[in-house]
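In what follows, a structure is listed as structure tokens, so that the remarks can point back to it.
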Amino acid sequence: MVLDLEAVQVSQVAWGDRTALEGSTLRVNPEELRAIAREEPTIGDLRVELVNPGESARIVHILDIVEPRVKPDTGTFFPGLLGELRPCGEGRTRVLRGVGVTLTGRVPGSEEGLLDMLGPGAELSPFARLHHLVLVPEPADGTVSLAYGYAIMRTALRVAVHLARAALDAPAQQVERWGLEAVGGGRRPAGGRGLPRVGYLFHLYSHGDFRDMFFYGQPTRELMPTVLHPNEVFDGAIVSAGYTRPGKHPTHETLNHPVLTELMARDGNELEFLGAVLTNHHAGFAQKERSAVMAARVLRALGAEGVVITKDGGGQADTDLMLACERCEEAGIRTVVMAMELGGREGNAEVALADSSPKADLIVSTGNASEYVDLPRVDRVVGGSEVADWEGPADGPITTPLVRVVGGVSLLGSTRLGAIDF
Amino acid sequence: MNELERQGMPAVLITTLISIPRALKVNRVVPGVAIPHLLGNPTLSPDEERALRRQLVLQALRALQS
């Protein structure tokens, strides 16, 4: 299964009469994007704002950031949501690098997600380097219904595809070829190359309405562990609508999944990568226990000797990490757990993970979500007029837990913060 | 929880994530329904849900007497 990601780099974004790519400048006609929103009757109005890297600006109420991508042969993307529900992960995909379609708004239970484009806040997040087309939608009748929540998600995806279409005929600066034969090693005899056989267990947040990730267009709240080819992730099978968890995991990050790209890059030299197992953070405990049993079983069927496990949420997700770790270790599969910590304001909390297990003896921290950062005053605020749970003005200096800076801590490891021994 | 009991006050915890108090050696734990709705179940009718709530609270009270 071969996927070519044809990357077209954008160095500038500016308004224009029509949406088109001129050299490395993306011209955008905001009226075209507003017309896309009019396909959804529950959306009353859509404002579109442009925010550039290095600008003294703060984007607030971020729900998701989407990287523009499109399949040249169908002109669409995100199977099951926009495109036909067919297996994805093969052929060509156009990628507009350097641009984010950034959906903002408040939905029931949504946690604040903000991004500074200049200063110490910008240093914390890889997303501060993107040119953001910020979508600020309003519901038609003033009510934020579930239908409206789905409508704004679809609109952000449609806008992303629309922008990527502008790059269909442009020369690609780079073509990344991802060619893992098949999940489970395909034709290869077990252990034939003498490399450790490694899988990846990918948890998705899934607690119901406004708190779900989508897989091929469907919510994942009832998902049982299933086999997933990494190319499907790069090709839009997974979309974020999990707005209520601390630590956003934007669709942009999933499309460029850091654990999958690193494991794919090491396939055949350091390890034999068997592919991924997709599972969820169920809302019930018995279902969590069942998912851990089934995930270990699927990994075992793939022939895994080791597995990398990531989470997609705060404290409750630690229970799934530990249950999966225990069931895998019992099945003879060695585990590495990657986890965002809730380690307290000073980083010295007694427990940094809500759950624990003696079997979890290899844990990689992806950052302390509860550390606080001070962000200075900015000239412009986009996406809303206040910062949730903050009494001061939205453009003023603010103090915020790191977890609210989108990209400040990553659940998948693509953070700009690290630790060194000295 | 443990501190309350050490001071002689029986305490019961209703939670979905029962592995966490188990690891912390909490004495009395009653499993709740689910993380977003600990004492409710949106798939039940209002009457059934009231009965479910009553049953969970009575179970917690019984645990306090154990």
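Numbers below:
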| quantity | calculated |
| --- | --- |
| Per principal axis, descending, Cα span of the stretch A:189-345 in whole Å | 45, 35, 32 |
| Of A:LYS248/B:LYS25; A:LYS71/A:LYS248; A:LYS288/A:LYS359; A:LYS71/A:LYS311; A:LYS248/A:LYS359, pairs whose Cα-Cα distance is over 21 Å | A:LYS248/B:LYS25; A:LYS71/A:LYS248; A:LYS71/A:LYS311; A:LYS248/A:LYS359 |
| More than 15 angstrom apart: percent of Cα pairs within the stretch A:331-391 | 67 percent |
| Contact order relative to length of chain A, as percent, for alpha carbon pairs under 8 angstrom and 6 or more apart | 19 percent |
| P(r), alpha carbons of the stretch A:222-310 - 5 Å bins starting at zero, rounded % | 3, 12, 20, 23, 22, 14, 5, 1, 0 |
| Heavy-atom accessible surface of the stretch A:332-422: percent carbon and sulfur, 1.4 Å | 51 percent |
| Considering only the protein assembly as shown, percent of DSSP beta bridges that pair antiparallel, nearest 5 | 45 percent |
| Convex hull projection area averaged over all views, the stretch A:1-104, Cα basis, nm² | 8.1 nm² |
| Taking all pairs of distinct alpha-carbon atoms in the stretch A:126-251, Kirkwood radius in angstrom | 17.9 Å |
| Centre separation in Å (Cα based) which lies between the stretch A:15-93 and the stretch A:255-324 | 30 Å |
| Ellipsoid semi-axes in whole angstrom, largest first, where each is sqrt(5λ) of the Cα gyration tensor of the stretch A:113-188 | 32, 22, 17 |
| Residue mean of other protein chain beta carbons inside 10 Å, A:206-212 | 2 |
| Sites A:LEU146 and A:TYR372 - FRET efficiency at Förster radius 25 Å, r taken between beta-carbons, to 0.05 | 0.15 |
| By average C-beta atoms within 10 angstrom, highest first, the peptides B:11-22, A:318-329, A:122-133 | A:318-329, A:122-133, B:11-22 |
| Placed amide H near B:LEU13: partners under 5 Å, 5+ positions off or other chain | B:ARG28, B:VAL29, B:VAL30 |
| P(r) weight above 18 Å for chain B, C-alpha pairs, percent | 42 percent |
| Relative frequency of Cα-Cα separations exceeding 12 Å in the stretch A:202-248, percent | 60 percent |
| Whole-Hz couplings from phi, Karplus 6.51/-1.76/1.60, listed for the stretch A:282-289; x for Gly and Pro | 5, 7, x, 6, 4, 5, 4, 4 |
| The stretch A:61-140: radius of gyration and largest Cα-Cα distance (Dmax), Å | 15.4, 44 |
| Along principal axes, Cα extents of the protein assembly as shown, largest first, whole Å | 75, 61, 55 |
| Enclosed volume per residue, in Å³, of the convex hull spanned by Cα atoms of the stretch A:266-422 | 174 Å³ |
| Built amide H within the under 5 Å cut-off of A:THR74, gap 5+ | none |
| In order through the stretch B:44-60: 3J(HN,Hα) via Karplus (6.51 cos²θ - 1.76 cosθ + 1.60), integer Hz, x for Gly, Pro | 8, 6, x, 5, 5, 5, 4, 5, 4, 4, 4, 5, 5, 5, 5, 4, 5 |
| Chains B and A together, accessible area buried on both sides, 1.4 angstrom probe, square angstrom | 800 Å² |
| Charge dipole of chain A about the Cα centre (unit charges at C-beta), most positive-ward option of A:ALA369, A:VAL134, A:ALA57 | A:VAL134 |
| Per-selection Rg to Rh, the stretch A:37-173 - Cα, Kirkwood hydrodynamic radius | 0.99 |
| Two-site label geometry, A:ALA7 and A:ARG266: point separation in nm, points 7 Å out along Cα→Cβ | 2.0 nm |
| Cα-based radius of gyration of the stretch A:52-105 once divided by 2.2 N^0.38 Å, which approximates compact folds | 1.43 |
| For the stretch A:107-119, 3J(HN,Hα) per residue [Karplus equation, 6.51 cos²θ - 1.76 cosθ + 1.60, θ = phi - 60°, Hz, x = Gly/Pro] | 10, x, x, 5, 8, 5, x, 10, 8, 8, 9, 9, x |
| Shielded residues, the stretch A:277-299 - accessible-area loss of 20 Å² or more between chain alone and all protein chains, probe 1.4 Å | A:ALA283, A:PHE285 |
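The values are calculated or read from the model by the stated rules, or taken from the named source; none is laboratory data. This one's a predicted model, so the numbers in the text were calculated from it and none came from an experiment. When we count neighbours, we look across all protein chains shown, and the Cβ atoms used for this are built from the backbone with ideal geometry, even at glycine. Side chains included, ligands, DNA and RNA excluded: accessible areas come from the protein's heavy atoms. Shrake-Rupley method; radii C 1.70, N 1.55, O 1.52, S 1.80 Å.
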